[in-house]
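Take a look at the structure below.
Derivation of every value follows stated rules applied to the coordinates shown; laboratory data play no part. Nothing here was measured: the structure is a model prediction, and the numbers come from that model. Cβ placement follows ideal geometry from the backbone for every residue including glycine, while neighbour counts extend to all protein chains displayed.
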Amino acid sequence: MTQKYDIAAYIWPAYTGDEPRTRMFWPEGMGEWQSVKNAVKKFPEHNWPRKPLWGYCNEADPYVMEMQINAAADHGVNVFIYDWYWYDRRPFLENCLNDGYLKAKNNDRVKFYLMWANHNVNNTWDIRNSHDQDNMIWDAAVDRKEFEVIAHRLINQYFKHPSYYTIAGKPVFMIYDLANLIKGLGGAQETKEAFEWFRALAVSEGLPGLHLQLTKWGEANYNLSGVDEGEKVTSNEIANFLGFDSMTHYQFVHFVDIDRDYNEIMVDVVAEWAQIEAKHDIPYYPHISLGWDNNPRFKNLVNGIVKNNTPENVQLAFEQAKAYADAHPEQPPLITINSWNEWTETSYLLPDDLYGYGYLEAVKKTFLK
């Protein structure tokens, strides 16, 4: 089979209990599999509980990741985007990547890159307390000194790896919460200077440079100063000012009403792609989310559930993303998917007891020839 498209699926690296700090959220010692295993049906038509066909595997085990890499590559997923975290002056949830993927003997079959998930942490991951969303556990904003520590770690530990995904030879690094980054660094000008330093560091370390990718949310105005009363600019203006190279989305829930039929959602998604193209100067890589239902993280019903997101309907969405990529031959044919394994948000490609391998087969039918 030949592959023309780069199909990149996000990985939520919490399905391992190997890191001690995970026990504060999931005390059973199996990471967020605990919430998946204990999930219950909230109303008669609710498609929960669901069970992974492969069981509650430790994804920091290289043998488990070898199995997952083979399944991904065989079905056309050839890039993993790892959610990467840094809290309390140290990394969090790196085990899945460091001990699973990077020690897998076949990690040349699926490339990887990082999305710095630099969002603050509240009680969402702890079902005992998730009803209280106002309690902040970790603030993810970092100052310049800490940013530099992070940059050195990323370059030396990840960007030089032969399987790290690049565009024009440059390692791709994605920023999830730009507003939080600007806040921590002290403003847009300071963030611009930090990016310029980061790029120069990459070159000094023997890399061709960096490809900085922005996570697009809904259309939002960004604060130049990093404080509430500061001057506001559009997302296009801030992306240009900071020198981002491209953008994509992380989840449909960030920019459309997801509490309805999947096909209706896709009408608005395709319209959003057109709006982005009209309003932004940097390339946009089309994104497809498989669904949304984060009830496994809560004791009581949380409204906002994607309906009718069958593998057949998701395949139609993949076809639309493919058409967008084909209409932009000047940019790499990269398409992002949420996600490989977001079980507790009910947006995953991995096989389950409801659709089997249906979502993976949808990727294969669309993108492999």
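Using 29 Å as the Cα-Cα cut-off, could you pick out the over-long pairs in Lys299/Lys364; Lys279/Lys365; Lys111/Lys232; Lys4/Lys307; Lys232/Lys307; Lys192/Lys216?
Numbers: Lys299/Lys364 36 Å; Lys279/Lys365 32 Å; Lys111/Lys232 37 Å; Lys4/Lys307 31 Å; Lys232/Lys307 36 Å; Lys192/Lys216 18 Å.
In this structure, Lys299/Lys364; Lys279/Lys365; Lys111/Lys232; Lys4/Lys307; Lys232/Lys307 exceed 29 Å between Cα atoms.
Residues with beta-carbon under 13 Å from that of Arg153, excluding Arg153: net charge, scoring Lys, Arg +1 and Asp, Glu -1?
Once positives and negatives cancel, what remains is -1.
Derived scalar couplings between HN and Hα for the stretch 22-29 equal 5, 5, 5, 9, 10, x, 6, x Hz in order, rounded to whole Hz, by the Karplus curve 6.51 cos²θ - 1.76 cosθ + 1.60 (θ = phi - 60°), x for Gly and Pro. Our estimate of slack between Arg23 and Glu361, defined as 0.36 nm per intervening residue step minus the Cα-Cα distance, is 118.2 nm.
Neighbours of Ile167 by Cβ distance under 13 Å: Lys/Arg scored +1, Asp/Glu scored -1, total -1.
Applying 0.36 nm per residue to the separation of Asn135 and Phe241 and subtracting their alpha-carbon distance, the gain on full extension is 34.8 nm. Taking other C-beta atoms within 10 angstrom as a stand-in for reagent exposure, Thr2, Thr16 fall in the order Thr2, Thr16, fewest first.
With neighbour counts taken as other beta-carbon atoms within 10 Å, the residues Thr366, Thr124 rank, fewest first, as Thr124, Thr366. Computed from label points 7 Å out along Cα-Cβ, the spacing between Leu354 and Glu193 is 5.0 nm.
In the stretch 154-183, which residues have a backbone nitrogen under 14 Å from the label point lying 7 Å from Asn98's Cα in the Cα-to-Cβ direction? From the stretch 154-183, the list is 154-158.
Rank the residues Asp293, Asp18, Asp74, Asp134 as a footprinting-exposure proxy: fewest other Cβ atoms within 10 Å of their Cβ go first.
Details: Asp293 24, Asp18 19, Asp74 13, Asp134 6.
The order, fewest Cβ neighbours first, is Asp134, Asp74, Asp18, Asp293.
Looking at the chain, the DSSP beta bridges with both ends there are about 30 percent antiparallel. Over all other residues within a Cβ to Cβ distance under 11 Å of Phe255, the charged ones net out to -3, with Lys and Arg as +1 and Asp and Glu as -1.
Close amide H pairs (under 5 Å, H built 1.01 Å from N) link Ile81 with Ala9, Tyr10, Ile11, Tyr113, residues at least 5 positions away or on another chain.
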